[in-house]
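Single-structure report; data block below.
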Amino acid sequence: MEKFNHFNIQQIALFFTLIILVSCTKDNPDFDPQIRTGELVHGVYIVESTPITTKFRIDIGEKAIFYPSGSLGGINVSKNGVIELQNPFVGILWVEVERNGNTQRTNLPIYVAQNEKLAKDVINSMVNYQNQSLVFIARHADASIGQDAFDPEKEDWWKSCDPGQARQIDDAGVLQARRIGQGIKALNIPVRQGISSEFCRAYQTLEMMDLPIEISKKAALNLHLESVENPLDVPEIWPEVKAMIEEQEISNEILVVVSHCNLFDRNPFNEQIGWSSLQGDGFLMAKNSNGSLDFIGPVPNFLWTAFPNMPNL
C-alpha cells in the first residue's frame with residue numbers, strides 16, 4: 001500500500017510538471033528549459049560562451065520584449081530574448097528592451113564571456129569602485145606603424161616616437177585607447193595616475209585615453225627588446241612590476257598601467273585571463289590595505305564599449 005501511494009504521488013508530481021511546461025511553451029514558443037540563461041549585473045547581461053554553439057535566453061527578472069539594436073549593431077534575437085550564435089564568440093552584443101509594457105526601448109549590452117564568474121567580478125568591481133583601490137594593467141594599443149629597430153647601437157631607440165626607430169600606435173590603436181578612457185569616465189572612477197613603459201607606443205596609449213592623469217614612465221614595464229639579442233629571450237618582468245605597483249599610493253581610485261605582451265604571457269594569472277592577450281586588452285586587480293595585489297579578472301578591450309552606452313550610467 002505504501003509503495004502504491006508513493007507511486008501515485010510521483011505520478012501526480014510529474015503530471016503537474018508537464019502541465020507547467022506545456023503552459024510555458026504555449027505562452028512562450030521560445031521557452032526551453034534546457035536553454036541557458038545568464039545574469040544581469042549592474043546593467044550588463046553576462047553569459048558564458050561555449051566552444052561550438054552558444055544559445056541562451058535573456059532573463060532580466062521582469063517581463064520584457066527584445067529587439068535587435070538599431071543604433072549599436074543588431075543581432076538576431078527573438079522577442080522572448082533567445083539568441084543563438086552558430087560559431088564560438090566572445091564579445092559584446094547589443095539588443096533593445098521594452099520593459100513591463102513600456103514602449104520606450106533601452107539598449108542592453110550582453111557580454112558573452114569566456115569565464116562568467118570572472119566577468120561578474122570585473123563588472124562588480126568597476127561599478128562598485130568606492131572604497132577600493134583598483135589597478136588596470138593593459139597591453140599597449142594596436143601598433144602597426146613602423147617596426148622596432150632591435151639595434152643596440154642606436155641609443156634609446158625604444159623611446160623614439162619615430163616609426164623608423166620603433167613601432168607606433170595606429171588608427172585602430174587610437175580608438176582602443178579612447179575606448180578605455182571613455183569607459184573609465186562613464187563609470188566615474190577617479191583616476192590620477194598612469195604608468196607606462198618607456199616605449200612610445202605605451203606612452204601614447206595612455207595619452208590617447210584622454211584622462212586627467214599624470215603619466216610617468218618606468219623601465220620595469222619595458223618589453224626588454226632593448227637588452228636582448230633574441231626577442232624570444234625577453235625576461236619575466238611580473239615580479240618587478242608587482243613590486244613597483246605595490247609601492248604606488250592609490251586609494252579609492254584606479255591606477256592605469258600600460259606595458260607589453262611579456263607582462264601578459266608570463267604572469268601567474270595567464271590561465272585565468274584565458275585568451276592570448278591582444279593589443280589593447282588588459283586585466284583588473286585590487287590593491288589591498290596591506291599593499292598586496294589580488295587578481296580580479298580579464299578586461300578585453302571590447303568590454304569598455306558597454307559602459308558609455310548603458311542608460312543607467
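The values are calculated or read from the model by the stated rules, or taken from the named source; none is laboratory data. Note that this is a predicted model, so its numbers are computed, not measured. With ideal geometry, Cβ positions are generated from the backbone for all residues, glycine too; neighbour counts draw on all protein chains shown. Surface areas here come from the heavy atoms of the whole protein model, side chains and all, with no ligands, DNA or RNA. Shrake-Rupley method; radii C 1.70, N 1.55, O 1.52, S 1.80 Å.
Going through Asp170, Asp156 one at a time, which residue ends up being of a type in the set (Asp, Glu) and open to solvent by less than 50 Å² (accessible area, probe 1.4 Å)?
Asp170
So Ala172 clears everything in (1) out of contact with any Ser or Thr (no Cβ under 9 Å at 6 or more places or on another chain); (2) at negative phi; (3) without any contact (Cβ under 8 Å) to a residue 40 or more places away in the chain; (4) of a type in the set (Gly, Ala, Ser) except one condition, right? Which one?
With (1) out of contact with any Ser or Thr (no Cβ under 9 Å at 6 or more places or on another chain); (2) at negative phi; (3) without any contact (Cβ under 8 Å) to a residue 40 or more places away in the chain; (4) of a type in the set (Gly, Ala, Ser) applied to Ala172, the lone miss is (1).
Determine which single condition Glu48 fails, assuming it passes every other condition in (1) more than 19 Å from Phe302 (Cβ to Cβ); (2) open to solvent by 60 Å² or more (accessible area, probe 1.4 Å).
If we test Glu48 against (1) more than 19 Å from Phe302 (Cβ to Cβ); (2) open to solvent by 60 Å² or more (accessible area, probe 1.4 Å), just (1) comes out false.
Condition test on Gln182, is it open to solvent by 30 Å² or more (accessible area, probe 1.4 Å), more than 27 Å from Ser251 (Cβ to Cβ) and assigned to a helix (DSSP H, G or I)? Walk me through it before giving the result.
Values: open to solvent by 30 Å² or more (accessible area, probe 1.4 Å): yes; more than 27 Å from Ser251 (Cβ to Cβ): no; assigned to a helix (DSSP H, G or I): yes.
No: the conditions fail for Gln182.
Just one of Asn288, Asn230, Asn312 is over 19 Å from Gln114 (Cβ atoms), at pLDDT 90 or above and surrounded by fewer than 17 Cβ atoms within 10 Å (Cβ to Cβ); which is it?
On the way: Asn230 fails: at pLDDT 90 or above; Asn312 fails: at pLDDT 90 or above.
Criteria check complete, one pass: Asn288.
Please count how many residues of segment 51-67 are under 18 Å from Glu84 (Cβ atoms) and open to solvent by less than 60 Å² (accessible area, probe 1.4 Å).
Within segment 51-67, residues that are under 18 Å from Glu84 (Cβ atoms) and open to solvent by less than 60 Å² (accessible area, probe 1.4 Å) number 7.
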